[in-house]
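The values are calculated or read from the model by the stated rules, or taken from the named source; none is laboratory data. Note that the structure is predicted; figures quoted are calculated from it, not measured. Positions of Cβ are generated from backbone atoms using ideal geometry, with glycine treated the same way; all protein chains shown enter the neighbour counts.
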2 protein chains.
Amino acid sequence: MRNKWYGEGFKLGVLGGGQLGRMLIQSAINYDVHVYVMDGNESAPCSRFAYEFTKGDIQSYDDVLQFGADKDVLTVEIEHINVDALEALEKQGVKVYPQPHVLRIIQDKGKQKMFYKKHNIPTASFELINNANELSNYANQLPLIQKMRTGGYDGKGVQVLNSSDDLAKSFDAPSLLETKIDFKKELSVIVARNEKGEIKSFPVVECEFNEKLNLVEFLFSPANISMELENKAKLIAEDVIQKLEMTGLLAVELFLTQDNQLLVNEVAPRTHNSGHHTIECNKTSQFEQHLRAIIGLPLGSTAFEIPGVMVNLLGEQGFNGSAYYQGLEQVIEEEGVYVHLYGKEQTKPYRKMGHVTVTNQELEAAKAKARRLQDVIKVISSQE
Amino acid sequence: MRNKWYGEGFKLGVLGGGQLGRMLIQSAINYDVHVYVMDGNESAPCSRFAYEFTKGDIQSYDDVLQFGADKDVLTVEIEHINVDALEALEKQGVKVYPQPHVLRIIQDKGKQKMFYKKHNIPTASFELINNANELSNYANQLPLIQKMRTGGYDGKGVQVLNSSDDLAKSFDAPSLLETKIDFKKELSVIVARNEKGEIKSFPVVECEFNEKLNLVEFLFSPANISMELENKAKLIAEDVIQKLEMTGLLAVELFLTQDNQLLVNEVAPRTHNSGHHTIECNKTSQFEQHLRAIIGLPLGSTAFEIPGVMVNLLGEQGFNGSAYYQGLEQVIEEEGVYVHLYGKEQTKPYRKMGHVTVTNQELEAAKAKARRLQDVIKVISSQE
């Protein structure tokens with residue numbers, strides 16, 4: 001029988017059933033790729049749209065092994081997966097993309113940094129410590145960023161230690177200590193590599209962080225940087241995915257320092273918040289690109305369609321309960337405004353509930369509109 | 001409680017579970033609108049993506065009534081629905097869009113033509129007959145198009161009677177006889193009207209029919225017509241939806257005659273094959289526009305994003321069985337080529353299995369690429 005990656009007879013498994021899986025499914029529908037999802041939460045954003053949904057724990061060896069056993073290709077939408085099970089599945093002949101060896105490196109921020117060092121990938125200088133006590137050795141090097149080696153996510157497990165007063169709040173866990181970089185911009189490059197080793201990067205984007213939340217708040221595409229830096233950033237991203245020998249999509253977050261150096265901050269081996277705008281702004285979306293990379297297809301064009309700004313819709317402070325999107329009708333009345341709700345019934349402060357992409361031939365006009373609309377749309381909770 | 005059209009507590013019902021419903025669901029996911037689908041076929045293109053799928057007969061009074069009873073809004077993706085049940089549901093307070101009175105008119109091609117005549121909507125002249133015998137009265141007016149008043153679909157129930165020799169093959173059923181129009185082009189306008197009466201048309205498109213199949217083969221956006229004709233076509237479409245007092249999306253097919261008259265051929269009160277390109281080519285897709293119209297939202301911008309050509313992927317002659325898309329990998333390797341497979345496992349000759357949209361800033365370049373790719377991609381059946 002011919003090799004078919006669509007319709008009956010081909011099963012793509014996804015570990016994790018959140019918004020990244022949901023947008024992957026929207027894209028997979030176009031190619032009739034049957035997407036099977038496992039998540040611990042039966043009302044996860046993917047649950048109704050998976051070809052088949054399995055309730056299971058992605059950190060459980062048995063659950064992952066059982067779910068993966070009959071899949072042709074297995075992928076993840078979050079890094080925190082039981083990698084032992086993925087390795088066992090790989091040995092059984094299941095294609096696991098990103099590969100378990102990549103997840104092993106990336107799950108541990110210490111290993112990740114050592115990988116950069118070994119492969120001459122530019123990154124902030126660092127030290128590894130085993131516990132809070134060892135921090136005292138570095139007190140004279142403050143300010144430092146402390147990142148827990150494992151278990152952090154979405155800004156959790158990361159903190160800045162500015163002065164010796166901050167040492168008391170440090171994490172007492174195996175950690176990475178990084179020099180605090182005085183950066184001009186935070187950039188991101190989404191790069192994909194398929195089974196044949198073909199590599200393509202999306203244009204570089206610029207992230208505007210909300211310092212308080214340590215979350216991407218606005219994303220601008222294209223980044224306002226020189227062509228030289230654009231090319232350099234893409235080469236770094238392509239170098240990382242090549243050296244990781246990874247199949248799939250990799251988001252590479254970079255600092256642009258005051259003296260125009262590019263340093264890799266961290267990477268995520270999956271579709272990423274900094275690539276959501278590609279749905280409307282590029283010829284191929286990051287979701288379709290990931291799909292193409294892992295099921296053996298040629299990669300799609302990453303060329304621009306239109307400039308754009310992406311803004312996350314976060315749950316407002318002070319609201320917990322059934323989500324209500326205040327101002328939504330007003331926002332979608334405007335041209336070039338694309339709302340993506342993730343289907344989460346319950347809002348809580350800072351929860352990622354959706355995102356909005358604003359497109360315009362002039363990026364500055366898109367920025368102005370996005371900032372205005374962010375004030376209009378608020379995720380609160382239903383009132384009776 | 002506030003009026004919510006997303007999440008739990010709002011149910012959109014769709015009668016019919018084919019590709020139109022499938023693409024509607026892809027769009028509805030962005031707004032977290034829960035789409036419930038009923039279709040007679042458990043493996044219909046929508047079945048796995050509906051929030052809930054119900055197996056039922058859309059022509060059965062009981063099935064439609066039962067399915068619709070707990071829905072907030074009910075819509076259709078095919079005209080051949082039990083309208084008696086829709087009327088009963090409308091009386092129960094369910095919002096049925098398009099309204100049953102519109103479906104009554106459109107299901108019967110005779111009533112449809114009488115509606116145009118009554119409302120001074122330009123259309124080819126016609127006669128109504130009850131059976132084949134009455135045809136003899138019009139033998140001196142040949143050539144004529146005979147269309148069965150009810151039951152035709154996708155080119156079935158329609159034939160050209162060129163000479164008296166053809167009378168023997170005429171349908172012996174209540175029919176519409178239309179003057180055969182010598183047209184330069186076939187055009188289509190997709191127009192939407194929401195609950196508040198707001199109306200918006202998409203730019204006019206040009207259809208290239210396959211005469212043999214009586215199916216749209218290529219669709220070009222924008223149509224190569226004067227601005228005057230463009231505006232006139234849109235005004236006609238807007239006039240039709242206004243006079244129908246319809247809520248939802250209406251596809252208005254028009255003939256452009258040799259002497260530059262525009263005549264309404266027929267209309268479809270739903271998303272339509274001639275609007276598939278809007279997914280990539282316009283600010284708002286026809287699917288999102290329909291959704292907006294029926295759930296009480298402001299209509300979206302119909303402005304161009306990029307010119308494009310849509311080509312249907314029809315099952316090749318001589319192949320029946322499990323679908324195999326020959327040349328698919330080659331096609332998706334090219335920039336600006338968007339494949340939509342409908343998830344039908346079985347192919348048969350001329351079955352609509354998917355479509356491909358080719359975009360390019362230059363329409364002529366898109367046309368050339370679409371014609372070339374149509375020769376590359378073939379829907380055949382799997383061979384062992």
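General remarks:
- Restricting segment B:343-353 to residues that are under 20 Å from the mean Cα position of the chain (by Cα) and in a strand (DSSP E or B) leaves a set whose member that is farthest from the other protein chains (Cβ to nearest Cβ) is B:Lys352.
- When segment A:44-57 is filtered for residues that are outside any strand (DSSP E or B) and more than 14 Å from chain B (Cβ to nearest Cβ), the ones remaining, listed by number, are A:Gly56, A:Asp57.
- Some residue of segment B:273-291 being touching a Gly at 6+ places or on another chain (Cβ under 9 Å), closer than 15 Å to B:Gly354 by Cβ and touching a residue at least 60 places away in the same chain (Cβ under 8 Å): yes
- For B:Val189: the one exception among (1) exposed (fewer than 15 other Cβ atoms within 10 Å of the Cβ); (2) in the same structural domain as B:Glu211 (by TED's automatic domain parsing): (1)
- The condition of being among the β-branched types (Val, Ile, Thr) and at pLDDT below 95 holds for only one of B:Ile78, B:Ile25, that being B:Ile78.
- Restricted to segment B:58-130, the set of helices (runs of 4 or more DSSP H) holding at least 2 residues that are under 18 Å from the mean Cα position of the chain (by Cα) and either over 21 Å from B:Asp239 (Cβ atoms) or outside the structural domain of B:Gly18 (by TED's automatic domain parsing) (or both) comprises B:100-107, B:109-118.
- Index of the failed condition, A:Gly110 passing every other in (1) closer than 29 Å to A:Val76 by Cβ; (2) in contact with a helix residue (DSSP H, G or I) (Cβ under 7 Å, 6 or more places away or on another chain); (3) surrounded by 15 or more Cβ atoms within 10 Å (Cβ to Cβ): (2)
- Test for B:Ala368: is it more than 12 Å from chain A (Cβ to nearest Cβ), touching a Leu at 6+ places or on another chain (Cβ under 7 Å) and farther than 25 Å from A:Phe287 by Cβ: no
- Of the listed requirements (1) in the same structural domain as B:Lys243 (by TED's automatic domain parsing); (2) over 18 Å from B:Leu363 (Cβ atoms); (3) among the hydrophobic types (A, V, I, L, M, F, W, C), B:Val204 misses just one: (2).
- The single condition from (1) surrounded by fewer than 17 Cβ atoms within 10 Å (Cβ to Cβ); (2) within 14 Å of another protein chain (Cβ to nearest Cβ) that B:His34 fails is (1).
- No other residue among B:Leu144, B:Leu219, B:Leu215 is outside the structural domain of B:Gln361 (by TED's automatic domain parsing) and surrounded by 15 or more Cβ atoms within 10 Å (Cβ to Cβ) apart from B:Leu144.
- Strands (runs of 3 or more DSSP E) contained entirely in segment A:302-342, each with at least 1 residues that are among the β-branched types (Val, Ile, Thr): A:308-314, A:337-341
Residue by residue, here is whether (1) away from every other protein chain (no Cβ under 14 Å); (2) not hydrophobic (A, V, I, L, M, F, W, C) holds:
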site	(1), (2)
A:Gly248	yes, yes
A:Leu256	yes, no
A:Asn260	yes, yes
A:Val264	yes, no
A:Thr271	yes, yes
A:Gly296	no, yes
A:Ile306	no, no
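- Verdict on A:Asn41 being modelled with pLDDT of 95 or more, within 30 Å of A:Ile145 (Cα to Cα) and away from every other protein chain (no Cβ under 14 Å): no
- Selection within segment A:1-45 - over 23 Å from A:Gln99 (Cβ atoms) and β-branched (Val, Ile, Thr): A:Ile29
- Residues in segment A:237-284 that are small (Gly, Ala, Ser), over 30 Å from B:Ser285 (Cα atoms) and crowded, with 24+ Cβ neighbours inside 10 Å: 1 in all.
- Criterion (modelled with pLDDT of 90 or more, farther than 20 Å from A:Met246 by Cβ and not small (Gly, Ala, Ser)) met by exactly one of A:Glu211, A:Glu178: A:Glu178
- Here B:Glu253 meets each of (1) closer than 30 Å to B:Ala365 by Cα; (2) in contact (Cβ under 8 Å) with a residue 12 or more places away in the chain; (3) touching a Gly at 6+ places or on another chain (Cβ under 8 Å) with one exception, condition (3).
- For A:Gly343, the conditions (1) over 17 Å from B:Trp5 (Cβ atoms); (2) crowded, with 23+ Cβ neighbours inside 10 Å are fulfilled apart from (1).
- Which listed residue is more than 14 Å from chain B (Cβ to nearest Cβ), closer than 16 Å to B:Gly7 by Cβ and out of contact with any Phe, Trp or Tyr (no Cβ under 8 Å at 6 or more places or on another chain), from A:Asn320, A:Asn312: A:Asn320
- Index of the failed condition, A:Val337 passing every other in (1) in contact with a Gly (Cβ under 7 Å, 6 or more places away or on another chain); (2) farther than 17 Å from B:Tyr6 by Cα; (3) crowded, with 20+ Cβ neighbours inside 10 Å: (1)
- Boolean, A:Asp63 is crowded, with 18+ Cβ neighbours inside 10 Å and among the charged types (D, E, K, R): yes
- Which numbered condition B:Glu178 fails, given (1) in a helix (DSSP H, G or I); (2) of a type outside the set (A, V, I, L, M); (3) in contact with a strand residue (DSSP E or B) (Cβ under 9 Å, 6 or more places away or on another chain): (1)
- Count of segment B:246-293 residues which are in a helix (DSSP H, G or I) and closer than 18 Å to B:Ala233 by Cβ: 7
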